[in-house]
Each structure stands twice: as C-alpha cells, then as structure tokens.
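Heads up, the thing below is written out as structure tokens.
The values are calculated or read from the model by the stated rules, or taken from the named source; none is laboratory data. Not measured: the values here are computed from a predicted model. In this analysis, Cβ positions are derived from the backbone assuming ideal geometry, glycine residues included, and neighbour counts consider all displayed protein chains.
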Amino acid sequence: MQNPRVLAASALITVMVVSGAGPASGAARAATPSITAPARAEGWRWPLAQPHRVTRAFVAPESPYAGGHRGIDLAAEAHEEVFAPHDGVVSFAGRVVDRPLLSITQPGDLIATVEPVVALVVVGDRVRAGQVIGTVATGGHCPPGCLHFGVRLHGSYVSPLLFLGNLSRAILLPAAR
C-alpha cells in the first residue's frame, strides 16, 4: 500500500499538470498543453468490477516524449470481464507490439484505452458505459494480474481518476527542513 502523502502529492502533481501549472521551466510548460478535465465526468464507469485497487498511479510526463506512467494499473484476474468505461465507439481493437489493446472514442476528442484485453467488440461498434467489451489477457507493461487504463484528452494523457471521481484530495504539507 502506498504512503497517503505520496498519493496526495501524486494527485496534486496530476492536477497541476492537467491544469497547465507545470514546472517553472518555460520549455517544460510550453510542451505540456493546458487542458482541463471535469472533477467527475457523468456516465463514466470503472473498467473492472469491484474492488478497484490501483496498483500503479498515473504519473504525468514532463513532455510528450518524456518518461511517465500514462494511465493507472488496476489489480485484475486473468479472463476477468472488462467493461466500457464510457459510451462511445470502438476505435481500435487489436495488437500493439506484444499486447492486445482496445480503445474507445467519445465526442470531445476523448479516448480511453485498456490493455491487455481480448476484445469481444470490433472497430466501429457502439458501446455503452458498463457493457462487457472484453476479458483481461496477458502481455503489456504490467505483470499478469493487471489491467492498464489510460485516457487521452485532446491528444494528451490525463489521469483516468479525473473521470472516475476517485482522485485523492490534495493536501499541502509543510516543506522539509
């Protein structure tokens, strides 16, 4: 289990990057587009049944090409059902390098991606939030027993927790001496 202070700091950094308040460096700020996401988006659902255990948090990259973790990893069982996180149209269902991946696009230039997933839907299918879209497979960047869930808004990765309403409240802590 992660330290609550680390989680709070991660949430604050995520909110800062999403709102465009990044590092003081002008170069880093210019590379991170200023976008906003709702505190809780109506109609969004978790891609897995409860319990929802985040095993790795979202870490915003400093630039589009920098390291980071462009989504959240959720504890999952092999062959567990995966649900559409929102209403939309399947825009990709196939393999990327070594992993089966599925993306759903919704109006407003918003794309949600889950991996590794064996798709039960095909490109062009309209899906509803909570509809079974596939099952957890193996492969990808996280170990077996994991589902990666990423969201892009206007081409930039944002934390899926912004849409699920599960972002920890940021707490400002005193500076270490």
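Quick one: in the range 49-66, of everything that is under 21 Å from residue 81 (Cβ atoms) and of a type in the set (S, T, N, Q), which residue is surrounded by the most Cβ atoms within 10 Å (Cβ to Cβ)?
This residue is 55.
Please indicate, with yes or no, whether at least one residue in the range 9-23 is modelled with pLDDT of 80 or more and either under 17 Å from residue 151 (Cβ atoms) or charged (D, E, K, R) (or both). Talk me through it step by step, then tell me what you get.
Initial filter on the range 9-23 (modelled with pLDDT of 80 or more): none.
No, the range 9-23 contains no residue that is modelled with pLDDT of 80 or more and either under 17 Å from residue 151 (Cβ atoms) or charged (D, E, K, R) (or both).
Of the numbered conditions (1) closer than 17 Å to residue 134 by Cβ; (2) at pLDDT below 95; (3) crowded, with 21+ Cβ neighbours inside 10 Å, residue 77 fails exactly one; give the number of that condition.
Here residue 77 clears every test but (3).
Within the range 105-136, which residues are under 18 Å from residue 50 (Cα atoms), among the small types (Gly, Ala, Ser) and in contact with a strand residue (DSSP E or B) (Cβ under 7 Å, 6 or more places away or on another chain)?
130, 134
If you take the residues in the range 80-99 that are under 26 Å from residue 60 (Cβ atoms) and of a type in the set (Gly, Ala, Ser), which one is surrounded by the fewest Cβ atoms within 10 Å (Cβ to Cβ)?
Residue satisfying both the conditions and the ranking: 91.
What are the residue pairs meeting all of these: first residue in the range 89-102, first residue acidic (Asp, Glu), second residue surrounded by 15 or more Cβ atoms within 10 Å (Cβ to Cβ), Cβ atoms under 6 Å, and 6 or more apart or on different chains?
Listed pairs, sorted by first residue: 98/139.
Could you check, for the range 137-155, whether at least one of its residues is over 12 Å from the mean Cα position of the chain (by Cα), assigned to a loop (DSSP other than H, G, I, E, B), modelled with pLDDT of 90 or more and under 18 Å from residue 43 (Cβ atoms)?
no
Quick one: in the range 100-122, which of the residues that are in a strand (DSSP E or B) and over 17 Å from the mean Cα position of the chain (by Cα) is surrounded by the fewest Cβ atoms within 10 Å (Cβ to Cβ)? Give the steps one after another, and end with the answer.
Step one: list which residues in the range 100-122 are in a strand (DSSP E or B), which gives 100-106, 110-115, 117-119.
Okay, now just the ones that are also over 17 Å from the mean Cα position of the chain (by Cα), so 118-119.
Working: 118: 15, 119: 20.
So, considering only residues that are in a strand (DSSP E or B) and over 17 Å from the mean Cα position of the chain (by Cα), the one surrounded by the fewest Cβ atoms within 10 Å (Cβ to Cβ) is 118.
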